[in-house]
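Working notes, beginning with the structure itself.
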C-alpha cells in the first residue's frame, strides 16, 4: 500500500446505524449470533473477518436486505428490521448506495445509463439523470467511457462505474461488500481512494466489508466479526 | 464420454434436472404439434379413401378385380341439402345378383328401401317429415357403416330403385365397381388440395416449434458454457465437450418425444371432434403410420443432438472461459430490400395480370415468397428500429433496459418470434383472400335474395311433346305441384319459366325462358318487367353465379315485354320452377321436399345459397385451419419468448438480483421482462399481419380487380385470442423473476 492513510477522525457524531443483538440463521446454520454495532454519521467503518464469519450477513442486515431473526437494526430513529419489504426497498433505493464485488452493472446499458439508473428509478428526468451520471463519471476518472458497456470495461473501470452508481443518488450510507475483491491491488487502491474521497466530500457514511487489511486501512474504524459476533474494534488512531 | 454426459445431465442437481425438463417440455410440445399435423394429413387421407366410393365413375382409378364379371349397377350421385348441410344422396338399382355393393352396407337396397348414415338417421327422426323424410319414400332398412363415411356427422343416404326406373334418370350411370382410390378431400374437386393445405399449415407451425425447441436448448446457456469452460481447463477437448452437449440434448429430446406421444394420444379423441376440415374426424382417423413414428422417434433426438453441436460452434469455449460479451454488429437497412422487392413485385402486377396460369403462379408465387422471406430477413432490423426508438424515448428504467437489451441483440430477440412471421403472414394473406373471394361470390349470387329462392331446373333432360317435338331441358309441371308449393307457409310466390319451342334448338339447348310479369313481380330478386308488359324473357334459371347479377342490371330499367299472350303460357313446357320464400327453413325445406318427391328422376332443386354453402363449407374448413394456425403459432411463439425470457433472466440473475438488493422494485424488473418479450411479439405480429393483408390486397387487385375485404371477426378474434394466450404465457414467467432475484441469489452467486 503506497497511499497515505486517511486522516484519523475522532468521531463523536451521533450514531446513524445501530444494530443490537442481531441473530440470523440460514436453515440450521447460524450466521450471526447476537452481533451489535454502531456506526456514526459520516463514519467509514470496515467490517473484517475470515470467510464464513458472518460479515456479509451483518452488512445485509444493516442495509435492510435481510431481516434478522431477532435483535434490532436502527437507521437514525427508524427501525429497519420491522419494516415491510416495500418500505425496505424504498429505503435502500432512496437512502443507501451499494457497491458489490462484481457483476452489478446491467450488461445492456452503457456506463452512463447504468449510473443514471437509480435517478431514473427515483423519477428524475432522463436528461437530468444522464447529466448527473456524466458528472459522476468525470469525477471518477471515467471520461470517454460513457458509451461503453460493462463487457467493454476493465474490472477497475466497471467498479468505478458501480461506485458512481452508488453515489449518484447522494445516499446517506454506502454499503460496499468486498468492493475490490475482483481487482488487482493497484486498481483496488484507486477504487478505495475514490470511495473515501467521494464519501468525505459528500459526508456519506460507509460500511465496508472486506477481508483485506489493506482495504480496511482506508476506514476510520475496523470491526472484526468472528463466529457471528462483533469482536474487537480498532480505531485508526489507536492502530497507528 | 457418453456416460459422463448422462451423469452430468441426470445427476448434477436440481438446476440440471430443471433444464432437462424445460427442454423436454419444449420438445414435447413440438412433437405433439408435429404428430397432430402428421395424423391430420393421415386423417384427411383416410376420409378421402373411405369416401372414394362417392366419386365412382365409369373409369375408376382403382377398379375391383371382379369388375369384368359383375352385373352392372345403375347409380346416380347427387348433393342434396337440408338446412345448409349437404346430404350425399346415392340412388342405386341392381341389374343382377352380382351388382357391386357400396361399402358400409351388407346388400343393395331394393326398390322402396334405403340405408342412411347414423347422423342422417337421427335427422330423419328429428326433422319434420314434410321437410326431409318425405323426400325418401320407402323405409329405412339399416344404417351405413363408418367405413363408408367421411365423419361421424356425414349425412349420406343410399336409395334403392328398380333398374327400369333409375335408367330414366339423366345422370344415372351404369357401373361395375366402386372407386377405392382416394381422390382428395370429400367434396373437393381438386385432388389432394386439402392435404397440400394441411402440409402448408404443418410447415407453418413446425417452423415456430423448431425455433421454440432451439430456444429451450439455450436455457441457462451461460451457466452451461461456464461448466464446459471448466472442463476444457482440466483437459477436455472441444470434441468431448461437444459430445457431452449432444448427449444432454439427446436425453432431453428423448424424454420430450415420449411426453409428446403421451400428449398426442391423450388429446387425440378431443382433437378428432374439432372440425379442422369442416367435418370432425373419427378418433381412429387421427392415426400414425409406422414411418411417421420412426421419423419422430429417430429424427427429433438426432436433430436435437445436431442442433446442440451446432449451437456450441457459435461460442468459443476456451479453457479460460467463453468469449466476453461485446456489442454484436447491427443489422443493416439492406435487410428490408427483399420485403420491399416482394411487395413491389405484387404491386407491379396490378393492372398487368399475367396471362396463363403458369405465368400467374410464377408471378404471384415469387411475390409472396419474396415478401415472406423478406419479413424474416428484415425482422431483426425492424426489431432494432423499434427497440432503439423505445430506448431513445424511454423515460422509465424498464423501457430503457428492455429497449437496450433488444437493440443490443435484435437477432436473438427476433429469432424467438420469427416462426410467427411465417405463420401469421400466410394465415393473414390466406384469410384476406378467402374472405374477399367469398364476399365476391356471395355478392355475385344475389346475396340473401338468391339464397331465398329455391329453383328446380329441368335442363337435365329433353322434353317430348305429344306431337313428337323434342324440346331441350323442359318438363310438364302438374298444377297440383304448384298448388302444393304455394300452400307451404313462408312460400311467397311460385313462378314457372316456360320454354318457347320456336326459339329452342335441340342441338343448341334452350333459348331464353318466358315468364308472366305477374309472377315475376312477386320474386323481385329475379328482376321486374317494364311497365305495361305482361310477359317477358328471362334466362331460364340455373343456380349459377352471375344469373341474378344480370337480373339486377335488368331490374334497373325493367325487362322488355315479349309479344306472347300471357294466357297461353301455361300451355308451354316448363324449363324451371322458381319458388320465392321468406327464407325460413320450413319454407325452403318443405318446398324442396315437395319438388324432390314430384320430380324424383330430375336434378335436385337448389338455392344459390346451397351452391355457395357447398363452397363455403370447404372455404370454412380452410378458414378454420388458418385460425388454428394463427392461435397455435402465436402460442408457440409466446412459449419461445417465455423460454427466451426465462433464459435471459437466468443468465442475468446476478445483475438483476443486485438491482433488486439496491432497492429496485420488483415491478420495474417485471416491466423489463414484459417489454422485452411483448415488444417483439406485438411488433412482429402487426408487421406480419399487415404485410400479409397488403400482399393479399395486391394479389386481389392484380388477379381479380377486387379490393381486399377486411377479414371477418373470426380473424380478429383468433389474433386477439392468440395474443392473449401469448401474453398470458409470458406472464407465467414473471414469478420466476421474484424467485431468482431474491437476496439468496446475490448471496450465493
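Per-residue shielding of B:663-676, expressed as the average number of other chain Cβ atoms within 10 Å of the residue Cβ, stands at 3. Peptide A:90-100 has a mean shielding of 3, counted as Cβ atoms of other protein chains within 10 Å of each residue's Cβ.
Against chain A, whose longest principal axis is taken from its Cα atoms, helix A:85-95 shows a tilt of about 60°. Centroid-to-centroid, using Cα positions, region A:150-203 and region B:67-111 are 91 Å apart.
Arranged from fewest to most other beta-carbon atoms within 10 Å of their beta carbon, A:61, B:529 become B:529, A:61.
Remark: spin-label model distance residue B:258-residue B:479 equals 8.3 nm, labels positioned 7 Å along the Cα→Cβ axis.
The angle between the Cα long axis of helix A:111-121 and the longest principal axis of the Cα atoms of chain A comes to about 60 degrees, rounded to the nearest 10. The length gained by stretching the chain between residue B:270 and residue B:584 to full extension, at 0.36 nm per residue less their Cα-Cα distance, is 109.6 nm. Modelled this way, with points 7 Å down the Cα-to-C-beta line, the labels at residue B:133 and residue B:85 are 1.6 nm from one another.
Full extension of the chain between residue A:212 and residue A:21 gives 66.2 nm of extra length, using 0.36 nm per residue less the Cα-Cα distance. Each residue, residue B:289 and residue A:79, gets one label point 7 Å from its Cα in the Cβ direction; the gap between the two is 7.7 nm. Which residues in region A:117-134 have a backbone N closer than 15 Å to a point placed 7 Å from the Cα of residue A:202 along the Cα-to-Cβ line? Within reach of a label on residue A:202, which here means backbone N under 15 Å from a point 7 Å along Cα→Cβ, region A:117-134 contributes A:117-122, A:129-134. At an R0 of 25 angstrom, the distance between the Cβ atoms of residue B:153 and residue B:720 translates into a FRET efficiency of 0.30. The gain in end-to-end length when the residue B:682 to residue B:571 segment is fully stretched comes to 33.0 nm, 0.36 nm per residue minus the alpha carbon separation.
Shape annotation for chain A: C-alpha extents along the principal axes are 47, 43, 35 Å, from largest to smallest. Evaluated on region B:58-175, the Kirkwood hydrodynamic radius is 14.8 Å, with distances taken between all distinct Cα atoms.
Using the Cβ-Cβ distance between residue A:94 and residue A:33 with R0 set to 51 Å, the FRET efficiency from 1/(1 + (r/R0)^6) comes to roughly 0.95.
Each value in this text was obtained by applying a stated rule to the coordinates, not by laboratory testing. Since this is a predicted model, take the numbers as computed values, not measurements. In this analysis, Cβ positions are derived from the backbone assuming ideal geometry, glycine residues included, and neighbour counts consider all displayed protein chains.
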